[in-house]
Structures are given as structure tokens and as C-alpha cells.
Amino acid sequence: MEIKKVRGFQDIYGKEAKKYRYIVDTARNIFENYNFEEIILPYIEDISLFIRSVGEATDIVQKEMYTFEDKGGRKVALRPEGTASAVRAFIENKLYTKGSYHKLFYEGAMFRYERPQAGRYRQFHQIGAEIFGVETPLADAELIKMVKDLLDRLSINARLEINTLGDFESRKRYIQTLKEYLNKTKENLCDVCKTRIDTNPLRVLDCKVKACKQSIKDAPKLIDFLPEESLKRYQRLKEYLKELKIEFVENPRLVRGLDYYTDTVFEFVSDEIGAQGTIAAGGRYDNLVEQLGGPPTPALGFAAGIERLMILLKQTPPEKQLTVIIPMIQEFEPQALKLASLLRKKDLRTELLLKTGSLKSKMKTANKLGAKYVIFLHEKPELKDMETGEQEIFQTEEDLVDVLLKRTTQTS
RNA sequence: GAGGGUGUAGCUCAGAGGCAGAGCACAAGGUUGUGGCCCUUGGGGUCGCGGGUUCAAGUCCCGUCACCCUCCCCA
């Protein structure tokens, strides 16, 4: 029986792998310019880390985690998201003793056991960043700007939606009031929303069913429950965004799915990829560090779905021109090996053609490989430009290499 | 957890009871060392799997598996 990849998992290769690498490299470059430092986090954590951070009642914890017991009887999970691990690492390594605040980024696979569909896999990849120990909304603005820079650099259009959730207490009071309101009008809601009253009442506010929209028109509004301080901070953030000329829409129904968010939340949404349109999202989580056993530390972060960015990435990542070396007869193979190493040492992308057969079939292969230049090795080395078809014979290999170097640096 | 769709060559797919097909890809040649375009030739198949109906089943029936998509939820 043929062995196949497990449902929801994927091999990323060829053009897709290039896109993936391009996105990650671009993000890394931008994040480092913002002076974020990379943190490489484990893929496996104690289950309770996610239960305590993401939230006991969330779908992620209830049904989407890959959990198992290891041979030592530890109950562990493949990480479903990155923030929890970053917070754990921040506390465990006592980073709060090593500076006033910290800016970290990470990249890698996440795992959620869900029904796969377009833009959603059981193993997916995120690139994310977190800021620990900063209260000022200046940080919120910088974080959003950084994500925006990344999307701009990748020429990806997305709508920025923002909202504020306030602190835990006011949100709790609001949800309580909202539940009461929804229960009163329960009969008018769609079946899904009827269950949402208990599982995810805030989500009812974003239901697309007409009847629901109608019946929540007069629902209590979160903004009326928020403390003055939250409103002020939200106002400041909006000012900063305007100052940065970042367009945004306020979406009072924007609720992140995880329990730990407080105050600022934001999403970058694309309309081009259907249902899974959220390509990057994040927000503040001012209570989480303390909640997980660290000192009270305000914090915020975001994560972007690399697969979703890949769908939207239209431009083909820049590639180095390829030179293919073809030894004309076996006697020239040692020379070809040495020339190939030399070119690679000069930082040229070089293929020593390994295909056997007629010269015609070798040339076909060179063409398929996307060769810009071909070097024929016989008594005198010969350079061919595959675009123009021009060929030139050189007296020595050194002469050829000089010309080749000049041409490849000119054009790239 | 609920709904829909698709499984035939390496890939994209046509074939809807009667010889297993096309395009692309791969290989050789047309061109006496030279790619792309064109032409010729060639290799390639458990028609997802199991059963049933029939003289005869990719084709009809039952079952099953896999994948894709949608909802829920999310990156």
C-alpha cells in the first residue's frame, strides 16, 4: 500500500517552498530592522500551558489540540499557537530581570486538529512577534505598522480592522449582560447562534443571518462597558495610525477567539481568499504573563499565517541566474567538477549537468532547469547565453569566468 | 461535529453498457555534439478498493476508503 501524507498535512516544495522562504526571509528582515530578536520555541509544551492561556472553553482547547502522553507520562500538546509558548519562555527564562522590555519574534509550525480546507491545514505555519513589558499604545502602533510593512513589502492588500475589548472585568460584565439580552430574544436567532449564546456569545454579534442581525440591533454595546482608560488608549492608537497613514476600519464586532486578549485587537483581512480571509491578527494580553505565574507584565503580539500569505503572494520571489556546465566528453568531467566549485565559490548559482545522453537532450534539460548561461567544456571553454543564443569561445577558463562574473553581476 | 463534490497514464481531464483515450510531461529521432517553436515515433493503466447485476461494467447497483470544498471555529 502506498504511504501517503496524513490528512491535513502537506509537502511544500518547488515554487511553493520558494514563496514560503521568501515570506519568512522578508519578515525576518523587517522584524530585525524593528529590532526584534528571534526566539526559537519548542513545538511541544505541557497541555496546561494552553488550557490556562488560550482558554479552557475555546475550540482550540476543546477539540483542536494534538495531545498525547509521552513515555514519561507527561501530558503534552503540539503547540496550537505561538503566544503561549513565548509567554512561558519569557517567564521561565526570567527575561523580565534582564531589561526594561523585550521584543521577540518566532516562526514555525503550529498544529490544530480541524477539518482542513482552503488555506487551513492541521500543520500550518506562522510568523509572529511579541512585545513584553510595554504599556504605551505606542507599542500597539509600532506592531501594527510592522505587520503593515510586511504586507506592503509582499504587495499583499488587506483591510486592517481594529477594536478594543477593554479589561477582563468590564468584558465579563458585558458578556453577562449580552447573554441575558440574547436569551430574551433567543427565539429570533438562527440555530447556530442559539448555541453560541453559551459557547461564544460575542460571535452572535457578527452573524450574517438576517434574522440575527435584526434581533441584535439593540443589543448592549461593549463600548459602554469599557473603563475610561481603555477608551483613551484606543483613541491614542487611532491617532498614531492616522499619523502613520495606515488606513483602518473600526469593527466593534471584532472579537478574537482566544481568552487572553485585552484592550487592542486587530486583524488584517483579505477579500481575495474567501472564508479564510484573516491573514494576520493579534492584540494585547496585559494579564496573561501574570496569569501564567510571571510578574504583572503588559504585553502584546500578533501572528500571520504563512500559507495564507502564500496564496496572496503574486510576485515570484527573485532568483539568482543559473549557469549550467556541460562537459562535452568524459575526459572533461574532472575539469567540470573543478570549474563548478570555482563558480560556486564566486557565489554563482551553478549546475554541473548530471544528465547523460545526447547533447540535444542535455541542452533540453539545461533549458528546463532555467539556465541563463551554459558553459560547454571542450578544448576551449565556450559560453552560451541561452536568451540571445550567442556563443563565445575563450582561450582560457579564467577569461570565461571573468566575463561570466561581469555579466551576472550586471544583470542581478 | 454537519453538508456538498471528486476519484481513469507522472499531471490536467474526456469517456455514461461493447477494443482504455486526449493534451501536457518523459524518452528517442527529424538537425554529424546546441535548448525553446514545429513534426514523427515510443514507453507507460489494479479506471481508488470490495462486492453485486449482466453474455459483457470506468460506465448500472450496494458498501467502503481517500482527497477536495463549505459550515462551525480560526492564522
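Of note:
- Residues in the range A:1-47 that are open to solvent by less than 40 Å² (accessible area, probe 1.4 Å), of a type in the set (Phe, Trp, Tyr) and either within 14 Å of RNA strand B (Cβ to nearest atom) or free of Cβ contacts under 8 Å to residues at least 12 places away in the same chain (or both): A:TYR20 only.
- Residues within the range A:225-235 that are part of a helix (DSSP H, G or I) and either touching a Ser or Thr at 6+ places or on another chain (Cβ under 7 Å) or in contact (Cβ under 8 Å) with a residue 40 or more places away in the chain (or both), tallied: 5
- Residue ID - farthest from the chain's Cα centre (by Cα), chosen from residues in the range A:51-71 that are assigned to a loop (DSSP other than H, G, I, E, B) and more than 16 Å from A:MET110 (Cα to Cα): A:LYS71
- Taking the conditions (1) within 13 Å of RNA strand B (Cβ to nearest atom); (2) at positive phi in turn, A:ALA84 satisfies each one other than (2).
- Taking each residue of the range A:180-199 that is more than 13 Å from A:ALA219 (Cβ to Cβ) and open to solvent by 40 Å² or more (accessible area, probe 1.4 Å) and looking for partners that are away from RNA strand B (no atom under 11 Å from the Cβ) and in a helix (DSSP H, G or I) with beta-carbon atoms closer than 7 Å, six or more apart or interchain, yields A:LYS194/A:LYS186.
- The requirement of being hydrophobic (A, V, I, L, M, F, W, C), closer than 30 Å to A:ALA139 by Cα and either surrounded by fewer than 14 Cβ atoms within 10 Å (Cβ to Cβ) or not assigned by TED's automatic domain parsing to the domain that holds A:VAL147 (or both) is not satisfied by A:LEU237.
- Spans of strands (runs of 3 or more DSSP E) in the range A:323-392 with at least 3 residues near RNA strand B (Cβ under 9 Å from one of its atoms): A:371-377, A:382-385
- Checked against the criteria, A:ASP140 does not count as out of contact with any strand residue (DSSP E or B) (no Cβ under 6 Å at 6 or more places or on another chain) and either open to solvent by 40 Å² or more (accessible area, probe 1.4 Å) or within 20 Å of A:GLY282 (Cβ to Cβ) (or both).
- Index of the failed condition, A:GLN62 passing every other in (1) within 16 Å of RNA strand B (Cβ to nearest atom); (2) loosely packed, with under 15 Cβ neighbours inside 10 Å; (3) touching a residue at least 40 places away in the same chain (Cβ under 8 Å): (3)
- Considering only residues in the range A:148-174 that are in a helix (DSSP H, G or I) and farther than 16 Å from A:LEU244 by Cβ, the one that is farthest from the chain's Cα centre (by Cα) turns out to be A:ARG173.
- Lone qualifier among A:ALA129, A:ALA118, A:ALA158 - being small (Gly, Ala, Ser), surrounded by fewer than 20 Cβ atoms within 10 Å (Cβ to Cβ) and within 16 Å of RNA strand B (Cβ to nearest atom): A:ALA118
- Subset tally (residues that are among the small types (Gly, Ala, Ser) and either within 20 Å of A:ILE51 (Cβ to Cβ) or more than 8 Å from RNA strand B (Cβ to nearest atom) (or both)) for the range A:255-286: 3
- When the range A:183-224 is filtered for residues that are more than 13 Å from RNA strand B (Cβ to nearest atom), within 24 Å of A:TYR261 (Cβ to Cβ) and in a helix (DSSP H, G or I), the ones remaining, listed by number, are A:LEU222, A:ILE223, A:ASP224.
- Cβ-Cβ distances below 6 Å connect the following pairs, each with a first residue in the range A:362-387 that is open to solvent by less than 40 Å² (accessible area, probe 1.4 Å), a second residue that is of a type in the set (Val, Ile, Thr) and more than 9 Å from RNA strand B (Cβ to nearest atom), and a separation of six or more residues or different chains: A:ALA366/A:VAL324; A:ALA371/A:VAL324; A:TYR373/A:THR323; A:VAL374/A:VAL324; A:ILE375/A:ILE325; A:LEU383/A:ILE375.
- Residue list for the range A:287-322, restricted to those being part of a helix (DSSP H, G or I), of a type outside the set (Val, Ile, Thr) and either open to solvent by less than 30 Å² (accessible area, probe 1.4 Å) or away from RNA strand B (no atom under 13 Å from the Cβ) (or both): A:LEU288, A:GLU290, A:GLN291, A:GLU307, A:LEU309, A:MET310, A:LEU312
- Checking A:LEU222, A:LEU205 one by one, the residue that is outside the structural domain of A:GLU161 (by TED's automatic domain parsing), touching a Gly at 6+ places or on another chain (Cβ under 8 Å) and surrounded by 15 or more Cβ atoms within 10 Å (Cβ to Cβ) is A:LEU222 and no other.
The values are calculated or read from the model by the stated rules, or taken from the named source; none is laboratory data. Just so it is clear, the structure is predicted and the values come from calculations on it, not from any experiment. As a convention, Cβ positions derive from the backbone with ideal geometry for all residues, glycine included, and neighbour counts pool all protein chains shown. Surface areas here come from the heavy atoms of the whole protein model, side chains and all, with no ligands, DNA or RNA. Shrake-Rupley method; radii C 1.70, N 1.55, O 1.52, S 1.80 Å.
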